[in-house]
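Okay, so here's the structure we're looking at.
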Amino acid sequence: MKNCAIRRGRLGLILLAALGLVAVLRPYCAQETAPVFTRMPDQVLIIDPGHGGEDGGAVSVSGQKESDLNLAIALRLDRLMGFYGVQTLLTREDDRSIHDPSAGTIREKKVSDIHNRVALVNGVENGTLISIHQNSFPSHQYHGTQVFYAEEIRSRPLAQGVQDLVRQHLDPSNTREAHRIPDTVYLMNHISCRAILVECGFLTNPEEDLLLQDETYQQKLAMVLGAGYLQYGDIQEGESLI
Ligand SMILES: [Zn+2]
């Protein structure tokens, strides 16, 4: 078990180093540059920036909309994955809700938006969902990334893998474990594919609020999510990496 953990740690470092190099080289690469390699060629990574449009989600202590942070991290993850030949699908690529035109009130738009996200995710064959959100809590003291999973067999290994990478590469003091998503989160309880939801940080913590708005930190978050998908995106509960 210990060797396995060390191997995973090393693999994580190698992947992050590679992702970091790619991020640096990106502006100098031509659009038609071939991917570095193709990982899980028959799989699709569905990236879901939570909220959007009139639904801004939570608001940070400095007034930052959750939906904008979610989108910034999602777009960074999408660009990183492009270099690995990973097929991706974004539920939104700009600041909008994806509700039906017939939805009138804000409530109707929210319901329609979430139903359309469910339909979009369930319409993808061999999909894996990473839904990106930010946390909030009445007390300012809480901080740190928390990862949730949809079900045990396929989703928990990915969730725990990402949670471990957060501890290894972003915040050694974050001792959280991945948790099963609460029943109240509609999207995560109505999709059928491997799925995790990442609460990247607490908008109600003043230091973390500023950190989440920092572009370098957003890139690091995207790199951890990408490395997690590349390492754990096709393993099941009980399997271990070689
Ligand atoms: Zn949210």
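Looking at the range 126-169, which chymotrypsin sites (Phe, Trp or Tyr not before Pro) are DSSP coil and have at most 15 other C-beta atoms within 10 Å of their C-beta?
Working: sites: TYR142, PHE148, TYR149; in loops: TYR142.
Passing sites in the range 126-169 are TYR142.
Convert each backbone phi in the range 154-171 into a coupling constant with the Karplus relation 6.51 cos²θ - 1.76 cosθ + 1.60 (shift: θ = phi - 60°), then list the ³J(HN,Hα) values in order as whole Hz, x for Gly and Pro.
The phi angles translate into 9, 8, 4, x, 5, 4, 5, x, 5, 4, 5, 5, 4, 5, 6, 10, 10, 8 Hz.
Which loop-located GluC sites (Glu not before Pro) does the range 97-164 contain, where loop means any DSSP state but H, G, I, E or B and the Cβ has at most 14 other Cβ atoms within 10 Å?
Details: sites: GLU108, GLU125, GLU151, GLU152; in loops: GLU125, GLU151.
Sparse-neighbourhood loop GluC sites (Glu not before Pro): GLU125.
In whole angstrom, how far apart do the alpha carbon centroids of the range 150-199 and the range 76-133 sit?
For the range 150-199 versus the range 76-133, the Cα centre distance is 18 Å.
Given labels modelled 7 Å from the Cα in the Cβ direction, how far is it in nm from GLN213 to GLU54?
2.7 nm
List the aspartates and glutamates whose Cα lies under 12 Å from the Cα of LYS220, skipping any in the same chain that are fewer than 8 positions away.
ASP171
Tell me the GluC sites (Glu not before Pro) within the range 165-242 that lie in a loop according to DSSP and have at most 13 other beta-carbon atoms within 10 Å. Spell out each step's value before the answer.
Numbers: sites: GLU177, GLU199, GLU207, GLU208, GLU215, GLU237, GLU239; in loops: GLU177, GLU237, GLU239.
When the GluC sites (Glu not before Pro) of the range 165-242 are filtered for loop state and at most 13 Cβ neighbours within 10 Å, GLU177, GLU237, GLU239 remain.
Extending each Cα 7 Å along its Cβ direction at GLN236 and THR105, get the distance between those two points in nm, one decimal.
Between GLN236 and THR105, the label points sit 4.5 nm apart.
Excluding same-chain residues fewer than 8 positions from LYS110, which aspartates and glutamates have a Cα within less than 12 Å of its Cα?
Qualifying aspartates and glutamates at Cα under 12 Å: GLU54, ASP55, ASP100.
Taking H as built 1.01 Å from N, whose amide H comes closer than 5 Å to the amide H of GLY85, not counting residues under 5 places away?
VAL36, PHE37
Using the 10 angstrom Cβ neighbour count as an exposure proxy, how do ASP48, ASP183, ASP100 rank, fewest first?
Values: ASP48 25, ASP183 8, ASP100 12.
Fewest-to-most Cβ neighbours within 10 Å comes out as ASP183, ASP100, ASP48.
Each reported figure results from applying straightforward, stated rules to the coordinates on display, with no laboratory input. All figures in this text were calculated on a predicted structure; none of them were measured in a lab. Don't worry about glycine lacking a Cβ; one is built from the backbone with ideal geometry, like all the others, and counts go over all protein chains shown.
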